Each structure stands twice: as structure tokens, then as C-alpha cells.
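Engineer: Before I ask anything, here is the structure I am working with.
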Amino acid sequence: MSVVEQTLKGKIAVVTGASSGIGEATACALCERGASIVLAARNREKLDALERKITAAGGRVMTVETDVSNAASVEAMIEQTTAAFGAVDVLVNNAGLGLSGKVAEVRADDLRYVFEVNVIGALNCTQAALPRMRPGGRIINVSSVVGKRAIPKVGAYCATKSALNALSDALRVEVADKGITVTSVYPGTTRTEFRDNSRRTKDEKRGWRPKGVTPDRVAEKIARAAEKGGREVYVTLPDHVYIAAVTLFPGLTDRILRRWAKD
Ligand SMILES: NC(=O)c1ccc[n+]([C@@H]2O[C@H](COP(=O)([O-])OP(=O)(O)OC[C@H]3O[C@@H](n4cnc5c(N)ncnc54)[C@H](OP(=O)(O)O)[C@@H]3O)[C@@H](O)[C@H]2O)c1
């Protein structure tokens, strides 16, 4: 790990979905800045491997096998965090998965499951951590650009991220007086195992998508939010411009996206 300023020294950070991709990179980025890290996800082997890597680099880290969709599992993880470290300063709600399929075909049970992880999971973690957070606390919710403007063939997944955005917006205002900030992060395509881990409705072809950014690039933005808070974070300028444009020209966006809706 490279040497960076210890801006988060003494802070305790919980990262969900830390066994892979953006969560793994975020755990490393926060650790580099001096935070003590709690790695939360279900895959024990992957978490243990990351724990060994961070410990070898001199970081302070703890692994807690957690299913974010299970409130008892989340409560136990936060209990263990406070027992070991005393508080929670930063919560990164990153655990999540995708779901592909047209709205006309997507199975309600699949959407329910993805909601349980992407939305209720973040809610469970937030509700468990909030009572233990002090002024200066930071909640960072990993959304997606497609949570700002849904696109065809992944509408159900987009719905989960839009729901997460709504929770973030309300919570931001509710906890502002407590000195706690809530940041929504909107990555575009990121090179992780996300696609392989996504649920599929049929045997959808994996169509074209942008090359995307590395998870480290997203992690840098999340680490910045852990340092300074902030309302909304885009990872790249084109992502930000894209969202501004589709918000300004929704009808034109519909017409352009109709190409994507074709089989
Ligand atoms: N990759 C992209 O293009 C992209 C773009 C925008 C937003 N995002 C968002 O970024 C976040 C991270 O995704 P990623 O790209 O890093 O994908 P990933 O490599 O598939 O990682 C997903 C992580 O979520 C964890 N997870 C899934 N279900 C869980 C559960 N029930 N309880 C606890 N952890 C769970 C997984 O760990 P276990 O399997 O070990 O539990 C894994 O660590 C997601 O919220 C995703 O929606 C991704």
C-alpha cells in the first residue's frame, strides 16, 4: 500500500460488502488513511484473506461474517465492532448485487431479494450503527448512476438504488443536527465481479457496456467522503455530465435508450 496522509487516524470504519470489488478497495483506502476497519460480508475466506493483507500492511482490522439482509446478523456485527473498537465513525453501505431482465419479465421474488440486500441491508446497518455514532459520524451509501436515471433491462436493480437514494436524502436531513453526514456515491460501470454476481431473469446476453473504472478509483472517492462528508459524489466527470443531461432532457433520453431496450 502506498503512503498517504493519516487523515482518519483513530476513526472506526465499517465496510459492508468488503469481500470483493469496491468494498475491498474501500477497506484498503480507509486503512491507508489510518482508520480501524471492520470487514463485513458473507464470504469468510475472502474476508480472512483481506484481513491478512491489511494486517501485514500494519492496519488494524476485524472481520465479521455478516448478512446485511438479516437484522440480527447486522446487530451482532455492530455489537462486535463497538465491543472491540468502542464506536462507529464511518459506515459504508456498499454490499449489493444486480438484477437483469425487462420489467415485464422480472420475477417479483428476485426483486424482493435484491431489495432485501441493497435497500433493507443498508437500512439494517444504518439503524444498528446510528445509536453508536458520535458527532462527526459519516454514513456513505453506495448507489449507482442508474439509481438517478433507470435504464432498460435492469429496471428492477435501478429501483433498488433509487430507493436507497430516497432513504439517503431523508436521513441526511434527519441526522444533520446530530453532526452526522450522509453521502450518496454514484459509481458508473466499475470493473468488479458485479456482473457475474448479478441475478438474471432469463439467459440475458451480456450486452455492451463501457469499460468502466477500477474499484480503487471509486474507493478513493468514498475515502474522501469519509474524510469530508458531502452530499453526493460522482466518480467521473462524464458520469456527472451524463446525469445532468438526462435530467435536463428526459424525453430525448427515453428516445435514445429505446435502442438499448431492443433484444
Ligand atoms: N460494479 C459496478 O459496475 C457498480 C456500479 C455502480 C454501483 N455498484 C454498486 O457497488 C456496490 C459494490 O459492488 P461491486 O461492484 O464491488 O460488486 P461485487 O464485486 O459483486 O461485490 C459485492 C459485495 O457485496 C457483498 N454482498 C452481497 N450480498 C450480501 C449480503 N447479503 N450481505 C453482506 N454482503 C453482501 C458481497 O460479499 P459476500 O458475497 O461475501 O457476502 C461482495 O463483497 C454494490 O452496491 C453495487 O450495486 C457497482
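Quick note: the coordinates plus some simple rules give every number you see, no bench work behind them. Just so we're clear, the structure is a prediction, and the values are computed from it rather than from any experiment. So basically every Cβ, Gly included, is an ideal-geometry build from the backbone, and we count neighbours across all protein chains shown.
Engineer: Could you check the range 223-237 and list, in sequence order, the residues that are touching a residue at least 40 places away in the same chain (Cβ under 8 Å) and either surrounded by 15 or more Cβ atoms within 10 Å (Cβ to Cβ) or under 14 Å from ARG149 (Cβ atoms) (or both)?
Structural biologist: Restricting attention to the range 223-237, the residues satisfying the condition of being touching a residue at least 40 places away in the same chain (Cβ under 8 Å) are 223, 225-227, 229-236.
Listed by number, the residues that qualify are ALA223, ALA225, ALA226, GLU227, GLY229, GLY230, GLU232, VAL233, TYR234, VAL235, THR236.
Engineer: While we're on this one: Quick check on VAL106: is it of a type in the set (A, V, I, L, M), touching a residue at least 24 places away in the same chain (Cβ under 8 Å), away from the ligand (no atom under 13 Å from the Cβ) and farther than 19 Å from ASP239 by Cβ?
Structural biologist: Working: of a type in the set (A, V, I, L, M): yes; touching a residue at least 24 places away in the same chain (Cβ under 8 Å): yes; away from the ligand (no atom under 13 Å from the Cβ): yes; farther than 19 Å from ASP239 by Cβ: yes.
Considered against the rule, which asks whether it is of a type in the set (A, V, I, L, M), touching a residue at least 24 places away in the same chain (Cβ under 8 Å), away from the ligand (no atom under 13 Å from the Cβ) and farther than 19 Å from ASP239 by Cβ, VAL106 comes out as yes.
Engineer: Counting just the residues of the range 161-175 that are touching a residue at least 12 places away in the same chain (Cβ under 8 Å) and within 16 Å of the ligand (Cβ to nearest atom), which one comes out nearest to MET133 (Cα to Cα)?
Structural biologist: Only one residue fits best here, namely SER168.
Engineer: Out of the range 77-103, which residues are of a type in the set (Gly, Ala, Ser) and within 13 Å of the ligand (Cβ to nearest atom)? Give the derivation first.
Structural biologist: If we filter the range 77-103 for residues that are of a type in the set (Gly, Ala, Ser), which is where we start, we get 83-84, 86-87, 95-96, 98, 100-101.
Within the range 77-103, ALA95, GLY96, GLY98, SER100 qualify.
Engineer: Can you go through THR63, THR16, THR26 and tell me which one is more than 17 Å from the chain's Cα centre (by Cα) and hydroxyl-bearing (Ser, Thr, Tyr)? Working first, answer last.
Structural biologist: Working: THR16 fails: more than 17 Å from the chain's Cα centre (by Cα); THR26 fails: more than 17 Å from the chain's Cα centre (by Cα).
The conditions single out THR63.
Engineer: Now for a separate question. Tally the residues that are charged (D, E, K, R) and surrounded by 12 or more Cβ atoms within 10 Å (Cβ to Cβ), restricting the search to the range 198-222. Walk me through how you get there before you give the answer.
Structural biologist: From the range 198-222, those charged (D, E, K, R) are 199-200, 202-206, 209, 211, 216-217, 220-221; that's our starting set.
Those still in the list that are surrounded by 12 or more Cβ atoms within 10 Å (Cβ to Cβ) too: 199-200, 204, 216-217, 220-221.
Here the count works out to 7.
Residue-by-condition table, conditions (1) in contact with an Asp or Glu (Cβ under 8 Å, 6 or more places away or on another chain); (2) aliphatic (A, V, I, L, M); (3) without any contact (Cβ under 8 Å) to a residue 12 or more places away in the chain:
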{"position": "CYS31", "(1), (2), (3)": "no, no, no"}
{"position": "ARG42", "(1), (2), (3)": "yes, no, no"}
{"position": "THR63", "(1), (2), (3)": "yes, no, no"}
{"position": "SER73", "(1), (2), (3)": "yes, no, yes"}
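Engineer: The conditions are (1) of a type in the set (Ser, Thr, Tyr); (2) within 9 Å of the ligand (Cβ to nearest atom); (3) part of a helix (DSSP H, G or I), and SER69 fails exactly one of them. Which is it?
Structural biologist: Status for SER69: all satisfied but (3).
Engineer: Filter the range 97-135 for residues that are in contact with a strand residue (DSSP E or B) (Cβ under 6 Å, 6 or more places away or on another chain) and under 20 Å from ASN197 (Cα atoms); which is surrounded by the fewest Cβ atoms within 10 Å (Cβ to Cβ)?
Structural biologist: The residue in question is ASP110.
Engineer: Can I ask one more? Identify, please: which residue in the range 1-56 is over 23 Å from ALA129 (Cα atoms) and among the basic types (Lys, Arg) and is, among those, nearest to the ligand (Cβ to nearest atom)?
Structural biologist: Looking at residues that are over 23 Å from ALA129 (Cα atoms) and among the basic types (Lys, Arg), I get LYS46.
Engineer: Based on this model, can you work out whether LYS178 counts as free of Cβ contacts under 8 Å to residues at least 40 places away in the same chain and among the charged types (D, E, K, R)?
Structural biologist: On the way: free of Cβ contacts under 8 Å to residues at least 40 places away in the same chain: no; among the charged types (D, E, K, R): yes.
In short, no.
Engineer: Of all residues in the range 163-197 being over 20 Å from ARG217 (Cβ atoms) and β-branched (Val, Ile, Thr), which is surrounded by the most Cβ atoms within 10 Å (Cβ to Cβ)?
Structural biologist: Across the range 163-197, the extreme among qualifying residues is VAL182.
Engineer: If I ask for residues that are part of a strand (DSSP E or B) and under 15 Å from ARG134 (Cα atoms), which ones from the range 82-98 would you list? Walk me through it before giving the result.
Structural biologist: Narrowing the range 82-98 to residues part of a strand (DSSP E or B): 88-93.
Across the range 82-98, the qualifying residues are VAL88, ASP89, VAL90, LEU91.
Engineer: Ok, one more. Please go through (1) part of a strand (DSSP E or B); (2) surrounded by 24 or more Cβ atoms within 10 Å (Cβ to Cβ) for LEU47 and return the number of the only condition it doesn't satisfy.
Structural biologist: Unmet for LEU47, out of (1) part of a strand (DSSP E or B); (2) surrounded by 24 or more Cβ atoms within 10 Å (Cβ to Cβ): (1).
Engineer: Follow-up question, since we're still on this one. Any residue at all in the range 197-211 that is within 16 Å of the ligand (Cβ to nearest atom) and in contact with a Cys (Cβ under 9 Å, 6 or more places away or on another chain)?
Structural biologist: no
Engineer: Another question, then. Just wondering, is there one or more residues in the range 222-242 that are closer than 30 Å to ILE12 by Cα and of a type in the set (Phe, Trp, Tyr)?
Structural biologist: Yes, that holds for at least one residue.
Engineer: For the range 100-138, enumerate the residues that are in a helix (DSSP H, G or I) and of a type in the set (Val, Ile, Thr). Before the answer, list the steps.
Structural biologist: So the first thing to find is which residues in the range 100-138 are in a helix (DSSP H, G or I), and the list is 108-132.
Within the range 100-138, VAL114, VAL117, VAL119, ILE120, THR126 meet the criteria.
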